[in-house]
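Worksheet: the structure to be examined is printed underneath.
The values are calculated or read from the model by the stated rules, or taken from the named source; none is laboratory data. All values derive from a computational prediction rather than experimental measurement. As a convention, Cβ positions derive from the backbone with ideal geometry for all residues, glycine included, and neighbour counts pool all protein chains shown. Accessible surface is based on the protein model in full, side chains and every heavy atom, while ligands, DNA and RNA are left aside. Shrake-Rupley method; radii C 1.70, N 1.55, O 1.52, S 1.80 Å.
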Amino acid sequence: QVQWVESGGGVVQPGGSLRLSCVASGRIESAYAMGWFRQAPGKEREFVATINWNGGTTYYTESVKGRFTISRGATKDTIYLQMNSLKPEDTAVYYCNRVLTLGVPGIPPSPGGTWGQGTQVTVSS
């Protein structure tokens with residue numbers, strides 16, 4: 001399976017911004033639908049946002065709508081997550097992964113690959 005490597009996390013004050021990157025570690029045969037997920041301490045992993053194979057369709061969890069933007073890079077091996085107006089509750093390890101479905105209200109997307117190490121985002125004053 002393709003390995004995806006996350007980067008861009010860090011420590012930021014509430015209201016701040018970060019941009020996360022997700023890059024394939026090797027060659028990929030096609031453009032996949034992709035998603036960002038996060039796992040906070042003591043919580044199960046949850047989806048944050050998904051994007052289809054060509055970037056034309058996106059889906060966000062309600063808590064990040066209007067604040068986060070998922071996008072695709074110029075090539076099929078790069079995905080971004082722009083995070084603005086960060087809140088302490090956004091603190092988590094963020095992961096990217098291929099998704100088999102984009103998700104709909106009440107039904108989260110289905111991850112299709114293996115999980116990497118993620119990148120830590122800490123929002124604290």
Solvent-accessible area, 1.4 Å probe, carbon plus sulfur percent, for region 1-110: 50
Those lysines that a straight Cα-Cα span of less than 29 Å connects to Lys43, excepting residues fewer than 8 apart in one chain: Lys65, Lys87
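Over region 1-57, give the accessible area per residue in Å² for a 1.4 Å probe, as an integer.
Details: 3190 Å² over 57 residues.
Accessible surface, normalised per residue, equals 56 Å².
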Dipole of the chain [Lys/Arg +1, Asp/Glu -1 at C-beta], most positive-end residue of Gln13, Leu81, Ile107: Leu81
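Highest mean first, how do 52-59, 116-123 rank when packing is the count of other Cβ atoms within 10 Å averaged over residues?
On the way: 52-59: 13.9, 116-123: 17.1.
The most tightly packed comes first, giving 116-123, 52-59.
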Relative contact order computed over the chain (Cα-Cα under 8 Å; 6+ residues apart), in percent: 35
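What translational diffusion coefficient, in µm²/s and rounded to a whole number, does the Stokes-Einstein relation yield for region 1-72 at 25 °C and a viscosity of 0.890 mPa s, taking the hydrodynamic radius as the Kirkwood radius over Cα pairs?
Numbers: Rh = 13.8 Å.
Roughly 178 µm²/s, to the nearest whole number.
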Table column - 3J(HN,Hα) (Hz), region 86-91, Karplus curve with 6.51, -1.76, 1.60, x for Gly and Pro: 5, 10, x, 5, 7, 4
In nm, spacing of pseudo-spin labels at Thr75 and Ser21 (7 Å Cα→C-beta vector): 1.1
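For Arg72, what charge total do you get from the other residues with a beta carbon under 14 Å from its beta carbon, if Lys and Arg give +1 and Asp and Glu give -1? If you can, show how the numbers build up before the last one.
Details: positive: Arg19, Lys76, Arg98; negative: Asp77.
With Lys, Arg at +1 and Asp, Glu at -1, the net is +2.
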